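Trainee: There's a structure below that I have some questions on.
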Ligand code: ZN
């Protein structure tokens with residue numbers, strides 16, 4: 001079991017903005033952060049993270065909670081698993097009560113294996129020869145901890161002789177269960193290994209390149225709790241500092257490209273895990289607000305990957321450009337040949353995302369064929385629709401020139417914002433909601449409010465009010481209130497004024513309903529009307545909070 005004290009100190013050392021921000025893209029909105037909710041599909045952000053309260057809340061689907069709850073729900077983990085995940089994300093060492101096993105064992109296995117791989121590399125001539133041929137320096141080998149994994153038998157022997165527990169090696173993705181379930185086998189064999197790190201520099205897996213002409217040139221660790229390849233970028237832990245400092249990130253295609261870029265002094269280089277960039281990478285890319293340069297091969301696969309990534313990044317509002325390396329010459333080769341200057345020049349002359357996307361869309365269509373032209377127009381228009389209004393307007397002339405169509409075809413836009421209407425809808429309820437928000441922040445005022453009003457007076461907010469009184473702070477709507485910045489927390493005097501106005505309105509309405517209510521005996525009716533008209537309302541108007549409710 002994880003020691004309670006270390007859970008508490010983990011909780012106090014993490015910030016919900018960092019936690020949520022490593023999974024979804026957050027944008028600052030006043031004192032809070034906003035995002036499209038990761039728990040329900042939406043196009044306009046109604047998911048709010050409050051750094052002050054250290055909670056998140058979605059106004060769309062009602063989910064909410066703290067950092068741990070967020071990781072549990074998003075990653076479908078149990079409470080201890082979420083704690084371990086958070087500890088691993090933020091390089092925090094947990095303490096365990098005696099006799100229990102823990103997740104950091106998987107990490108211990110990985111660290112021991114990195115050291116072993118590095119030792120193996122020195123004694124393997126074929127692997128060393130390959131790296132030398134590709135131009136990788138000894139210094140790069142050490143910085144990137146490049147190693148070599150021999151046969152499966154040797155892997156199993158190493159685990160055994162170093163007393164590394166097999167179940168932990170399984171958790172770490174180093175070995176797998178054999179099909180008949182009788183034993184384990186090593187996942188990576190006879191390969192040059194590239195350890196893969198989390199952004200906080202803890203090792204989470206391996207990429208392996210064959211040196212025996214295995215048909216799979218590269219193989220990665222399997223997806224494990226530590227290793228989620230759609231969120232990781234190879235080399236990010238080494239590039240991080242330069243990315244922040246130089247406001248630039250170079251994304252290339254292969255591990256060796258990253259190594260060679262760094263070797264040539266382009267220390268902002270990273271790579272995906274042999275897969276395309278995904279929206280899950282965006283939060284990491286957003287950090288430090290760098291300009292993004294996609295440095296891909298000029299072959300068909302490279303162009304297609306660059307087009308997809310440039311579309312996604314420009315729609316997500318990133319600034320940057322694309323460099324396609326001439327056919328057959330990947331950046332690693334150019335650098336190995338001492339052509340770093342050419343690489344630097346190509347990087348400087350990267351083509352900005354939006355013109356790149358527009359040109360590629362048009363390139364694959366024959367504009368002399370009206371139908372193909374129409375299709376190209378449709379694709380270009382759809383792409384532009386995804387951009388912000390200002391950016392879109394700026395690129396319409398270019399798109400219409402490239403396509404040879406009138407810019408009017410791209411349509412006049414600008415719809416009035418819905419935000420104002422939504423606000424107006426809510427305005428009527430603002431008194432009640434502000435009262436609730438104030439009580440949420442200042443619970444010591446609850447008693448004085450209960451002296452003068454009845455829960456039922458809160459109409460549609462009556463259940464919310466009783467949740468508040470009962471201290472159900474996990475209530476999703478209460479969390480929503482807590483992070484709703486359009487509502488003010490009042491001081492005691494302001495609260496009393498709002499309460500009085502609220503009560504005056506309430507008794508006004510009450511008067512009308514009493515007058516038309518046939519179930520109230522006449523004598524009582526006239527008593528109530530007189531009481532409200534000549535006593536309660538005048539006193540309220542004089543500034544007194546009247547402790548009387550008429551039912
Ligand atoms: Zn939601």
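Trainee: In the list 518, 523, which residue meets the criterion of being farther than 19 Å from residue 436 by Cβ and at pLDDT below 85? Working first, answer last.
Mentor: Numbers: 523 fails: at pLDDT below 85.
Just a single option satisfies the conditions, and that option is 518.
Trainee: Follow-up question, since we're still on this one. Of all residues in the range 364-380, which are surrounded by 13 or more Cβ atoms within 10 Å (Cβ to Cβ) and within 18 Å of residue 309 (Cα to Cα)?
Mentor: The answer is 379, 380.
Trainee: In addition: Would you list the helices (runs of 4 or more DSSP H) that sit entirely within the range 446-551 and hold 3 or more residues that are surrounded by 19 or more Cβ atoms within 10 Å (Cβ to Cβ), at negative phi and touching a helix residue (DSSP H, G or I) at 6+ places or on another chain (Cβ under 8 Å)?
Mentor: Working: elements: 446-452, 462-469, 476-483, 492-516, 522-530, 537-541.
In the range 446-551, 462-469, 476-483, 492-516 are the helices (runs of 4 or more DSSP H) which contain 3 or more residues that are surrounded by 19 or more Cβ atoms within 10 Å (Cβ to Cβ), at negative phi and touching a helix residue (DSSP H, G or I) at 6+ places or on another chain (Cβ under 8 Å).
Trainee: Given the options 212, 224, name the one that is part of a loop (DSSP other than H, G, I, E, B) and over 17 Å from residue 147 (Cβ atoms). Even if it seems obvious, please write down each step before you answer.
Mentor: Working: 212 fails: over 17 Å from residue 147 (Cβ atoms).
Among 212, 224, only 224 is part of a loop (DSSP other than H, G, I, E, B) and over 17 Å from residue 147 (Cβ atoms).
Trainee: Could you tell me which residue of the range 15-38 is nearest to the ligand (Cβ to nearest atom), considering only residues that are more than 14 Å from residue 287 (Cβ to Cβ) and modelled with pLDDT of 90 or more?
Mentor: Top of the filtered list is 37.
Trainee: Can you tell me which condition residue 84 does not meet? The list is (1) touching a residue at least 60 places away in the same chain (Cβ under 8 Å); (2) out of contact with any strand residue (DSSP E or B) (no Cβ under 6 Å at 6 or more places or on another chain); (3) within 16 Å of the ligand (Cβ to nearest atom), and all the others hold.
Mentor: Condition (3) is where residue 84 drops out.
The values are calculated or read from the model by the stated rules, or taken from the named source; none is laboratory data. Since the model is a prediction, treat every value here as computed from it, not as a measurement. Here Cβ is always computed from backbone atoms with ideal geometry, including for glycine, and neighbour counts include all displayed protein chains.
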